[in-house]
Every structure is written in structure tokens, then in C-alpha cells.
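J.: Let me give you the structure first, and then I'll get to my questions.
The values are calculated or read from the model by the stated rules, or taken from the named source; none is laboratory data. Since we're looking at a predicted model, the values are computed, not measured. All Cβ positions, even for glycine, are placed from backbone atoms using ideal geometry, and neighbour counts span all protein chains on display. Ligands, DNA and RNA are excluded from the accessible area calculation, which covers all protein heavy atoms including side chains. Shrake-Rupley method; radii C 1.70, N 1.55, O 1.52, S 1.80 Å.
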Amino acid sequence: MGFQSQWVPADGHVASGKVAAAAEGKLGSSLTLERVAAAKNYIENHYKSHMKDMQKRRERRESLERTLANSGVPEEEQMDIIKDLERKETEYMRLKRHKISVDDFELLTIIGRGAFGEVRLCREKKNGDIYAMKKLKKSEMLSRGQVEHVKAERNLLAEVGSDYIVKLHCSFQDAEYLYLVMEYLPGGDVMTLLMREDTLTETVARFYIAQTVLAIESIHKHNYIHRDIKPDNLLLDRNGHMKLSDFGLCKPLDCSSLSPLNGKEPLAENDLTKSVDADGVLPDKGDGSHWKNPLEQRQRWQMNRRTQAFSTVGTPDYIAPEVLLKKGYGIECDWWSLGAIIYEMLVGYAPFYSDDTITTCKKIVHWRNHLQFPPEARLTPEAKDLICRLLCDAENRLGSHGADEIKAHPWFKDINWDILYEMEAAYKPAVCGDLDTQNFMIYDEVDFRLYFSNL
């Protein structure tokens, strides 16, 4: 019996071979069917997408024809306008068929570096155009829960068409990185301007604050909150006009609360409300929280400003108290940031600055006890009033019912809002050529893996 149990007849080999062959055949047939289904699905979706694009294209042309028919434009000019539309549509379809990659660009100088990647000057190989390429590491964004922020940034740049918002040229990705290719603004940022000038006159400050108001208004109209309005993110073009950039912390108004400060919770509420005296004033612990005079405070601010700007956590100096306390907030938090920037432009340092982040956050939460105007700053009553109406409780904050509230403030009485972008800028930066980076801090080339391992 034992011998027979070890013996397998020849026809047993044949039978098992047939079973195996049948199984392989079924497996192969199943894989084939899956591939056919996938191909069918792809073709159907591609066809539907193509038909949808063609329908939209026809609708755009018909809409333009209706508009022109009622415009009184000569027929010859109408034909030229329609032909121009067709040319742009054809160019768009051509670009859509071409899969853009990083190989389409010549990578040049690094002009920015942050928690998830870098910003680099680049040249498009095909036409030689210069852009700023933002390169974000996917694994870092995933590990820090920043995917939704980046999606919001890309969507906002694609949706908002404003003279005061940095324009998005294209976006694409590969296995490791997400790329946002934007217009390059060679004038540097307002932070660099303030570090160079110390303070601005109210005339110059008014011009840039007015442009910032229009930038913030444009994103609010598209139902986004920026949440990171600060001088570092206000960029200047070659003519000195300002554009808002860096939407990495923006969020749609209708989405769930997203964390500020690059995904790191700053402090819990009890950390922000404890360690104050009966009047809500922070005790002087000898840590630089109090200075002898405003000049000393300005010197400390200028000494630490650049380091704070490029830290991976960011600076809380412009963050509204309701954001720090995580009590729920809306568009009004961006107007608080505007008030802090006006103060810095005119006084020389942020209104609640301290050498350590915790003290700064506490000062912001207890703003009533810490918002002061040094007499030597010589601010006009209108400037003080505007700052006080922005650095206040959210429910009483100017702008909470729309930007028109701010535009109507007496400090802006001489501003012509409709032609602000066509006016000569209050300050014209030194720019020598399309590749000039003198207005930016230049970074050493560092391997991304080494850089992220040190964060």
C-alpha cells in the first residue's frame, strides 16, 4: 500500500496537466477580458471628453458671434476676432495633446526653498520663455497632510484671472514631484523691499496695500481664503506692480478646516491664554519679549526676519487670533493679515513681534493689551484708524462684509481703484534682463533627499 501510494500513473500526469492548462486558459481569458474592458472604458471616456470639448468649443464660438452681432463691430473685424478665437482654440488643443514634463524646461537658479520643495528659475526649451517653477515633493506633502492645500493652490491659480495674482502657465507631475510653472516676477518680494528701506512712506505703502486689497478681493470672490498674507508672498514685477503669490495654505470656503502654519498646529488654546496677568499682559521673562524702545524692537525684527521667513514652520506674526485659537474663521482672517502688514510698512516691525513664537502668538490672542503705536512713527490718524479696524475682533473687522468696506476707508481717498494697475508704480525695482535674480536670495544647490532629511 505504501508503495502504491507513492506511485502516480502516467495518465495522472496528463490529467493534472489538462487541469493546469484549463486553469491557465481561464486566467488568461480573464486577464484578456479585463484588458478589453479597460481599453473599452478608456476609448469611451476619451471619446466623451473629446465630444464635450468640441461642444464647449462650439458654444464659445456661438457666444462670441452673438456678442459681436450686437456690438456694432464692422463685419471684417468680426471675422478677424473669430479667426483669432479659432487660432487660440487650435493652439490649446495642440498643447493639450502634448504631455508636458520637466524635460521641456532648462532648470536655472534656485530662488526659493520651503517645507515641501523649491522654486527655481527656468527656461522653456521650445520658445525660450522664462518662468518660475515650483517643485513639490509628493511624499512630504502626503506625510504632512498637505495634499488638499496643494490642490487648492493649483485650482485657485487656474481659476482666478487677475492682474494682482501670479499667473499659472501649466502644472504637471512625475513619480516623485508635482510641478507648478508660473510667471517669473523679477522685482523680488515686499519683505526684501522692507528690509532695504526699513519703513515706507504712507504714499508708497498706500499704493501697495491698495494692490493687495484687490488681490485678496479677487480670491475671496472665487470663494478661497489665502491664510498666508505676508510681505514674503507679495511679489513685484519688473515695473514695480505687486502680485500675490504662494497659495500653499489657501482653502476653499466650503471645505473642512485645514491647518495653518504648513500643516503644523501652532499651539493649543490653553497654551495661548495662560501665563498672563489679570490685565491680559504678558510678564517680562527676560527672553526678549519686551524691549527698551521701538528702535531696539525694530533692530531685533530686522535681525531675525530673514531667518523666520525661510523656516519650515513659518512666522505667526500675520496670523489672525481666531486662526490661532482654531475657533472657526472665514475671509476676515486675511484682512487681519493686511492690517499687520500696514503696521509693519509704517512702523518698521510687525505689531506683535517677539523673539519667540509662543510669545508672539500670545500677544496676538491678547491683541487689546499689546497693539501700540510708537509716537516716533508719526502715523496719520487715518492710518491708525485703518490698522485698528483691521487688527480687532473678527465680527467687527473691516472687510468682513466685502472689500468695498476697506476701499471706502478715508486712508484710500486718493486711490483710483479702476486704473491702479495702469498707473506708474510707487517703487521700481532694479532689473537687468529676463534672468536677473538680484532681488531674490540665491540658494545653494542641495540634494532634495539631504534637504528633507534635515527638516
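J.: Mind checking which aspartates and glutamates have their C-alpha under 20 Å from residue 384, skipping anything on the same chain fewer than 8 residues away?
T.: 198, 202, 317, 332, 334, 344, 376, 393, 395, 404, 405, 414
J.: Around residue 80, what is the net charge, scoring Lys/Arg as +1 and Asp/Glu as -1 over all other residues with Cβ under 12 Å from its Cβ?
T.: Working: positive: 83, 87; negative: 75, 76, 77, 84, 86.
Neighbour charge sum, excluding residue 80 itself: -3.
J.: In whole percent, and with a 1.4 Å probe on the protein chains, what portion of the accessible area of the stretch 326-372 is carbon and sulfur? Let's see the in-between values first.
T.: On the way: 560 of 1260 Å².
With neighbouring chains kept in place, the figure for the stretch 326-372 is 44 percent.
J.: Please compute the net charge surrounding residue 389, taking Lys and Arg as +1 and Asp and Glu as -1 over other residues with Cβ under 10 Å from its Cβ. Please list the in-between numbers first.
T.: Details: positive: 384, 397; negative: 385, 405.
My count for the surroundings of residue 389 gives 0.
J.: Moving on. Grab the other residues whose beta carbon is less than 14 angstrom from that of residue 55, score K and R as +1, D and E as -1, and report the net. Mind showing how you got there, number by number?
T.: Details: positive: 48, 52, 56, 57, 58, 60, 61; negative: 53, 59, 62, 89.
Here the charged neighbours net out to +3.
J.: Determine, for each peptide in 332-343, 48-59, 364-375, 425-436, the mean count of other beta carbons within 10 angstrom over its residues, then list the peptides with the highest first.
T.: Working: 332-343: 25.1, 48-59: 11.1, 364-375: 16.5, 425-436: 14.8.
Final packing ranking: 332-343, 364-375, 425-436, 48-59.
J.: Please compute the per residue accessible area over the stretch 183-257 with all protein chains in place, 1.4 Å probe, rounded to a whole number of Å². Intermediate results must be reported in sequence, preceding the final value.
T.: Details: 2220 Å² over 75 residues.
Accessible area per residue: 30 Å².
J.: Continuing with this model, one more query. At a probe radius of 1.4 Å, what is the per-residue accessible area of residue 156, in Å² to the nearest 10?
T.: 0
J.: Can you tell me how the stretch 107-216 classifies by the Cα gyration tensor, rounded, prolate or oblate, using a/c under 1.5 as the rounded cut?
T.: Working: a/c = 1.78, a/b = 1.60, b/c = 1.11.
Prolate, since a/c reaches 1.5 and a/b exceeds b/c.
J.: Return the sequence-ordered ³J(HN,Hα) values of the stretch 325-331 in whole Hz as given by the Karplus equation 6.51 cos²θ - 1.76 cosθ + 1.60 applied to θ = phi - 60°, using x for Gly and Pro.
T.: Each residue's phi maps through the Karplus curve to give 7, 6, 9, x, 7, x, 4 Hz.
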